[in-house]
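Down below is the structure, laid out as structure tokens.
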Amino acid sequence: MKNIIFIGPPGAGKGTQAQIAVERTGLVHVSTGDLFRAALKQGTELGLKAKGYMDAGELVPDTLVIDMLLERLDKPDITTGVIFDGFPRTLEQAHTLDTTLAARSSQIDSVVLFKVDDDVLLKRISGRISSKVTGMVYNKYFDPPRDAEGNDISDSDEFVQRADDSEETVRNRLKVYHTQTEPLIDYYNERGVLHTINGEQAMEQVTSDLLQVLDELMA
Ligand code: AMP
């Protein structure tokens, strides 16, 4: 059983890299953000409670996140270990995770930090749009959708932005990351499990650095 945490500011590429890491390691991807979005889609009480915090770029209160996570960890597919994506985000969540894993004779084996500066993130996230028709994700600054003649069609009705990807919300999500989540970096560094990856590199290079860490861990 191996457990890995992906830490990084919003837009650092954790979700994309987590998919690749799952294929490489066979571990199960658990993203608390995805779990909240799924709950909201299903219209559950938890989803509705989380929505206000998510739209404002605030953290959902620890008790709600922790209860949801513990329920997820009780599912039968959690046998080989987990890649935690977007959890823990506070020291309290980190402590709870330690206790929970210890009760299962398990632990956090590795923490991967994706490091990206705020100005890069702001453009990455506030430019993120997706097609209502195909689900494809684009970036209106770096990779705009184009019509057959090559014209930028980012402003067409076909493309929508995630409610929490607006510039104002992104600024708040970054502030929350710096104040509430960054203390976890020291917490895991002191235990000697922290690996830092430069998330500003080209995506392929980020992946290659990540696979090196994962291969060592799984060897
Ligand atoms: P993400 O997709 O990981 O960026 O998460 C989207 C939003 O869900 C965050 O901005 C928070 O409002 C909420 N959220 C996700 N994970 C957590 C967590 N571990 N603790 C508190 N709130 C969370």
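The values are calculated or read from the model by the stated rules, or taken from the named source; none is laboratory data. Here the structure is a predicted model, which is why all the values come from computation and not from measurement. Methodologically, a virtual Cβ is constructed for each residue, glycine included, from the backbone with ideal geometry; neighbour enumeration extends over all protein chains shown. Each accessible area value is taken on the protein alone, full model and side chains, heavy atoms only, with ligands, DNA and RNA left out. Shrake-Rupley method; radii C 1.70, N 1.55, O 1.52, S 1.80 Å.
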Item to check | Residues of region 1-99: accessible area per residue with a 1.4 Å probe, Å² | outcome: 45 Å²
Checklist entry - For region 162-219, which trypsin sites (Lys or Arg not before Pro) are in a loop by DSSP, counting at most 13 other Cβ atoms within 10 Å? => result 191
Checklist entry - Angle, helix 203-218 long axis vs. longest principal axis of the chain, Cα atoms, 0 to 90°, nearest 10? => result 10 degrees
Item to check | Share of carbon and sulfur in the accessible heavy-atom surface of region 128-199 [1.4 Å probe, %] | outcome: 45 percent
Checklist entry - In whole percent, what relative contact order does region 1-73 give with Cα contacts below 8 Å and a gap of six or more residues? => result 15 percent
Item to check | Percent RCO, i.e. relative contact order, over the chain, from Cα pairs under 8 Å lying at least 6 residues apart | outcome: 30 percent
Checklist entry - Given 108, 176, 120, which one lies farthest toward the positive end of the charge dipole of the chain, if we put +1 on the Cβ of every Lys and Arg and -1 on the Cβ of every Asp and Glu? => result 108
Checklist outcome for this item: Burial-style ranking of 154-160, 65-71, 130-136, average other-beta-carbon count within 10 Å with highest first, yields 65-71, 154-160, 130-136
Checklist entry - Say R0 is 30 Å: what FRET efficiency, to the nearest 0.05, do residue 48 and residue 157 get from their beta-carbon distance? => result 0.65
Checklist entry - Can you run phi through the Karplus equation (6.51, -1.76, 1.60; θ = phi - 60°) for region 127-137 and list ³J(HN,Hα) in whole Hz, with x for Gly and Pro? => result x, 6, 9, 9, 7, 5, 8, 9, x, 5, 9
